[in-house]
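Peer 1: Just passing along the structure, written as structure tokens.
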Amino acid sequence: MTRESMDRLFNPRGVAVIGASTNPAKIGYRIVENMVKSGYAGQIYPINPKKGEIFGHSMHASLADVDGPVDIAVLSVPADHVLDAAAECGAKGVAHLVVVTSGFSEIGNLEGEKELVALAHAHGMRVLGPNIFGIYSASSRLDATFGPGGILPGHVAIITQSGALGIAMIGKTASESLGLSALISVGNKSDLDEADLLTYLADDPETRVVLLYIEGVRNGERLVRTLRSVTRGKHVVVIKSGRSARGAMAAASHTGSLAGADDVFDDIMRQCGVLRAESVQEAFDWVRFLSSAPLPSGEDAVIVTNGGGIGVLATDACEKYGVRLYDNQPVLASTFASVMPEFGSSKNPVDLTGQATGEDYARSLDAVFGRSDMHAGIALYCETALFDTQQFEAFLRSVYERYRVTKPIVFALFGGERIETMIRELRTEGVPVFGDVYEAISVLGALYRSWRRLKESDVEEGPPISVPVAEIRRVLQRAGKEGRGFLLAHEAAEVALALGLCMPRAILATNLDEAVRAAETIGYPVVMKVVSKDIVHKSDAGGVALNLENQSEVVDAYQAIVRSCLRHKPDAVIEGIEVVEMVRAGVETIVGARQDASFGPVAMFGLGGIYVEVMKDVSFRAAPVSGREAREMIGSIRSYPLLLGVRGEKRKDIGAAADAIIRLGRLVAECREISDIEINPLVVYDYGEGVKAVDVRILFHTQGGDAA
Ligand code: ACO
């Protein structure tokens, strides 16, 4: 879609309201009222067959009667009138249908919604909604919503899937003096979705921060692509409801069963540089701060406090939210020497003690902001009897005014009624002041996280890794011809080797003699595994024997495997027994990649082995993943210290594990027929010694069919 076309949505020359009504109880009345009261810059055309007048505008009986361009038609007529109204809009050359009407896919009327979009597209129109409360655009002063009105212009754009919450947000933004550049209700997202709107807002000079409220992700691959690029230039905050897991993703693999939908969402948002807020209040605090605070020029923040206790709390909060504290002690001592009372501490937190005055605070913060190596300020204050609160309020305002455009600063104040009132007043003026130290540092942490993303380089280190797609497809096709949607162990190994993964040596034996010879070729100890398309879970069927040290153990194991597999599944066809090198111990990890229902190709990394299901210590990224992203995935699991080496162990070969993640991610991104690939375990050895893919499982879609 062209920018020009989207511009007609945000800066329309004329807006028709089909279903405008003189009845104040109707949505069609409220929308016209808001458009008039917001001072919309273009032409307003209320449409109602009964005609009449509304807010000084004569109603037109039909859109055909309107002279002049109509870029948006807001549809506020019952669902069974929507198609006719849309056809009328098509004939008039409307660019966008803003369909407020409910009664489409949200109640199962998928057909009606499809018809609406098809009709719109046939006339070159785009559809926002249906099932929405409308759109607000500050650039054209257009409030075409049925919200409470009074939206303040500003620098935050809100895109919301929830109607009710979106409307409630209007009131909240007004009461918190939060200015908006745009507010768009996307409802059923039948046509225009978050990605379309984000793409437009990314280049909107008035929008500094985008707040997304998402209930469900559709076309997640496109959303990820868009977010990855938008967060290079703007702050993006997301609130997503539905933290509970989306039912069982057919637990055909760990990668699928470990992927609680919300965990995947969380990780992918992090990958995209999007800040995920836990609550609406947190999101509001973040976007408010992000829309007004300057970007820091470095990582080091300084806490100035009059209380030791809250100083410690703030230090904890800094750790939690990733805010680094300035730590050059001699410089701290000299910087604060002139303001520090006898009992104070110039260590960071800089503790001015309970006898500090407003001036002490002001001089301390001036000292912080006077230094180019101190990049952000956190001012904490506990109400004391020695302190003149009014004087403090004045000081706080003046400090904020002095530094608001140069360095980020947040305030947290604790005390009684006077302090509470002060907080309320200052917040209305837009001063970042909070009644809780964690809230204050949470907003600073959000700024830091987003800032790190903004300055991240997109340049990928090293040559890109390519995967031999044609060779791998040949293996899949062979198996597909046998009607299978999964690969047998030796076929999966073939794919893994083609991918460039290091596998244990393996030889397929079809009789006992061959098994003994294979073991001798490979060298003891060996592992033996059944190969049968009828047995997927080999261990459960007694189809695996480990650590076989000599010929007689190989003979016994061969017989035992065949016996117990046939007992487990009497009609199983056993193609042979695979004799495999017994791999040395290392850190057992799991690497997987699959097609996620929401996000498309997704890669996973985690602690592997038999405890994988219990520990669920995994991380996800949208694939393909870059080298940096693969290393971040590895670094983000709880068991990461095992890879760094614990108790005097050597650091493990993290680079080789990252390489395996990149290869698997690229494979599922390029071979969409592979629904799941999983290596468990991927044994990671000491630095420089690489990894070994011990067990590889691959599921794929046969032509027109499903994965097994
Ligand atoms: N062209 C122009 N006007 C028309 C047409 C037409 N083709 N057909 C009907 N009208 C007029 C009607 O005569 C009426 O005007 P009147 O008051 O002068 O008689 C007006 O349009 C509205 O039609 P009604 O039949 O009265 O419909 P009503 O306003 O009750 O409901 C609505 C329409 C609001 C679209 C309803 O069907 C609906 O979908 N409501 C839910 C909306 C919603 O909640 N959306 C999600 C928002 S987000 C959230 O959840 C908060």
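Peer 1: Quick one: how many residues across the stretch 194-221 are at pLDDT 95 or above and either open to solvent by 20 Å² or more (accessible area, probe 1.4 Å) or on the phi > 0 side of the Ramachandran plot (or both)?
Peer 2: Looking only at that region, the number is 7.
Peer 1: Taking interchain pairs and intrachain pairs at least six residues apart, which have beta carbon atoms under 9 angstrom, with the first residue in the stretch 333-350 and without any contact (Cβ under 8 Å) to a residue 60 or more places away in the chain and β-branched (Val, Ile, Thr) and the second surrounded by 20 or more Cβ atoms within 10 Å (Cβ to Cβ) and assigned to a strand (DSSP E or B)?
Peer 2: Thr335/Val302; Thr335/Val350; Val339/Val350; Val350/Val302; Val350/Ile303; Val350/Val304; Val350/Thr305
Peer 1: Quick one: which helices (runs of 4 or more DSSP H) sit completely within the stretch 611-708 and have at least 2 residues that are free of Cβ contacts under 8 Å to residues at least 12 places away in the same chain?
Peer 2: 640-644
Peer 1: Quickly run through the stretch 45-68 and pick out the residues that are near the ligand (Cβ under 8 Å from one of its atoms) and buried (at least 22 other Cβ atoms within 10 Å of the Cβ).
Peer 2: Correct list: Ile47 only.
Peer 1: Could you pull out every one of the helices (runs of 4 or more DSSP H) wholly within the stretch 290-378 that has 2 or more residues that are over 19 Å from Ile441 (Cα atoms)?
Peer 2: In the stretch 290-378, the matching helices (runs of 4 or more DSSP H) lie at 329-336, 358-370.
Peer 1: Sort out which residues of the stretch 526-569 are in a loop (DSSP other than H, G, I, E, B), at pLDDT below 95 and surrounded by fewer than 16 Cβ atoms within 10 Å (Cβ to Cβ), and write them in order of number.
Peer 2: Hits for the stretch 526-569 are Asp534, Val536, His537, Ser539, Asp540, Lys569.
Peer 1: Which one of these does Ile465 not meet: (1) β-branched (Val, Ile, Thr); (2) under 30 Å from Gly655 (Cα atoms); (3) assigned to a helix (DSSP H, G or I)?
Peer 2: Every listed condition holds for Ile465 apart from (3).
Peer 1: Among the residues of the stretch 422-441, is there at least one that is more than 31 Å from the chain's Cα centre (by Cα) and of a type in the set (S, T, N, Q)?
Peer 2: no
Peer 1: Just to be sure, is Thr353 on the phi > 0 side of the Ramachandran plot and either in the same structural domain as Asp300 (by TED's automatic domain parsing) or open to solvent by less than 10 Å² (accessible area, probe 1.4 Å) (or both)?
Peer 2: So Thr353 fits the description; yes.
Peer 1: While we're looking at this one, here's another question. Say we look at the stretch 636-664 and pick out the residues that are among the basic types (Lys, Arg) and surrounded by 21 or more Cβ atoms within 10 Å (Cβ to Cβ); which of these is farthest from Ala585 (Cα to Cα)?
Peer 2: Arg663
Peer 1: Looking at (1) buried (at least 24 other Cβ atoms within 10 Å of the Cβ); (2) over 30 Å from the mean Cα position of the chain (by Cα); (3) more than 9 Å from the ligand (Cβ to nearest atom), which is the one condition that is false for Asp71?
Peer 2: Going through the list (1) buried (at least 24 other Cβ atoms within 10 Å of the Cβ); (2) over 30 Å from the mean Cα position of the chain (by Cα); (3) more than 9 Å from the ligand (Cβ to nearest atom), Asp71 breaks only (1).
Peer 1: Which of the residues belonging to the stretch 586-610 are open to solvent by 20 Å² or more (accessible area, probe 1.4 Å) and outside any strand (DSSP E or B)?
Peer 2: Gly586, Ala597, Ser598, Ile610
Peer 1: Applying the selection to the stretch 505-515, what residues are open to solvent by 20 Å² or more (accessible area, probe 1.4 Å) and hydrophobic (A, V, I, L, M, F, W, C)?
Peer 2: Ala506, Ile507, Leu508, Leu512
Peer 1: Hey, among Ile419, Ile423, which residue is open to solvent by less than 10 Å² (accessible area, probe 1.4 Å), of a type in the set (A, V, I, L, M, F, W, C) and assigned to a helix (DSSP H, G or I)?
Peer 2: Answer to the check: Ile419.
Peer 1: I'd like the full set of residues that are in a loop (DSSP other than H, G, I, E, B) and either within 11 Å of the ligand (Cβ to nearest atom) or open to solvent by less than 10 Å² (accessible area, probe 1.4 Å) (or both), limited to the stretch 96-130.
Peer 2: Across the stretch 96-130, the qualifying residues are Val100, Thr101, Ser102, Gly103, Phe104, Met125, Gly129, Pro130.
The values are calculated or read from the model by the stated rules, or taken from the named source; none is laboratory data. Only a predicted model underlies this, so the values are computations on that prediction, with no experimental measurement involved. Positions of Cβ are backbone-derived with ideal geometry, glycine not excepted, and every protein chain shown enters the neighbour counts. Heads up: the accessible areas ignore ligands, DNA and RNA and are worked out on the full protein's heavy atoms, side chains in. Shrake-Rupley method; radii C 1.70, N 1.55, O 1.52, S 1.80 Å.
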